[in-house]
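Working notes, beginning with the structure itself.
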Ligand code: NAP
Ligand code: ZN
Ligand code: ZN
């Protein structure tokens, strides 16, 4: 997607030594150029964030690309409530290791790495011990907008920035064969769709329904196809029919057309629903076979229309949710994608086009994921805003 892209952007401040592991506390925080929101109606503006000096177990990453997830829009615009500002979004991060802490012996400077939606969790509860850190019983620490207990309760700031410092246990290895810009969306859109497909044990011969052909949806199509399934896409947009087939969909259904929905009756084993707005699920339940399941991944800010219990009961259908994926599973997904040549279809944008990209994402006008070229963020100011 971006052949011949030059070396990663320099970190905000000159670093003492990019090859030697550093001692905990041996250096002060660095400043990174970033883009984020200062209020729910501010849009995205240039900001400067402070990044902690890497502790013994930390990895400092010079970010190259960061995907734009619809969750970033929900969060920066205050659609979920409870957001703190300034807020630098971004949890589809790909970059190169710049420095490592003194206890880190499994990452080396220059290595291509990724960070997804979480940067810490309690590491003690049953979920964490089972590798399901995203369901941490004490609350995972999100990559942005979360209180980071292990780091003095600082509020985390995300990947629309030139650098980030993350504990090594939450850093992923990005296989070198993957284009860094096109791999970035795997860190959220990829794992969020891979995880429920794995949980449902999707395999050759299964029929997977994908509702909504956006960032998550197009990854669901590609990953389900790579798992050997047949894929039926449900879209509100007739303009996406040809594009869905190009992505590998075997069938496309216009979800607004009741006759087309009825024709899909009992044809699907599992549905991955990625729609970012409230919508009626009952017509989708009727497309499922006995023992089918619908995984809801979209997280609209407003209530959904009620589910008809009869639609579930008559076919023993499971209505489930699913949240991203654990760290080990995210690594498994990256390796799976590298093995199957799966990456995201991306439109790389510069920082000055972020607000336009958000509007276009909400309007469904992107095939299929915007990715920020972090080298366009400019320089930090002398003082941190966050
Ligand atoms: P996206 O790129 O904007 O795609 C959403 C798709 O939903 C659109 O392309 C559109 O597809 C469909 N849609 C139908 N009606 C819509 C409407 N009124 N408004 C918006 N979209 C509509 O978003 P995304 O990044 O894939 O994220 C999708 C949702 O998943 C968001 O709510 C996000 O917060 C959530 N999410 C959840 C998790 C998780 O762990 N569960 C992780 C990441 C994101 P068609 O044009 O084909 O109809
Ligand atoms: Zn996301
Ligand atoms: Zn935990």
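Observations, loosely collected:
- Gap separating the Cα centres of region 37-70 and region 81-114, nearest whole Å: 9
- Separation between Cα centres of region 282-330 and region 124-194, rounded to whole Å: 25
- Rounded to 10°, Cα long-axis angle of helix 327-340 versus longest principal axis of the chain: 70
- Stokes-Einstein diffusion of region 189-321 at 25 °C, 0.890 mPa s viscosity, Kirkwood radius from Cα pairs, rounded to a whole number: 170 µm²/s.
- Angle in degrees between helix 189-199 and the longest Cα principal axis of the chain, rounded to the nearest 10: 50
- When the helices of the chain are scored as -39500 (n - 2.57) per DSSP H run of n ≥ 4 and the total is divided over every residue, the value at 222 nm lands at -5500 deg cm²/dmol.
- Acute angle (nearest 10 degrees) that the helix 215-226 long axis makes with the longest principal axis of the chain, alpha-carbon atoms: 70
- With the biggest extent put first, the Cα atoms of the chain measure 64, 41, 41 Å across the principal axes.
- A Förster distance of 25 Å, applied to the separation of the beta-carbon atoms of residue 266 and residue 125, puts the FRET efficiency at 0.05.
- For the chain, DSSP calls about 55 percent of its internal beta bridges antiparallel.
- Spin-label model distance (nm) - residue 246 vs residue 303, 7 Å beyond Cα toward Cβ: 4.1
- Taking other C-beta atoms within 10 angstrom as a stand-in for reagent exposure, 365, 273, 152 fall in the order 152, 365, 273, fewest first.
- Cα gyration tensor category, rounded, prolate or oblate, for region 289-369 with a/c compared to 1.5: oblate
- Listing 197, 112, 216 from fewest to most neighbouring C-beta atoms within 10 Å gives 112, 197, 216.
- In terms of other Cβ atoms within 10 Å, 370, 336 run from fewest to most in the order 336, 370.
- Result for the chain in a Gaussian network model with C-alpha springs under 10 Å: among 126, 148, 373, the largest mean-square fluctuation is at 126.
- At 1.306 mPa s and 10 °C, Stokes diffusion of region 65-109 via Kirkwood alpha-carbon radius, µm² per second: 123
- Using a Förster distance of 35 Å, the FRET efficiency for residue 203-residue 105 (Cβ separation, nearest 0.05): 0.40
Read-outs: derived from the displayed coordinates by stated rules, not from any lab. Just so it is clear, the model here is predicted, and its values are computed rather than measured. Note: ideal-geometry Cβ built from the backbone for every residue, glycine included; neighbour counts use all protein chains shown.
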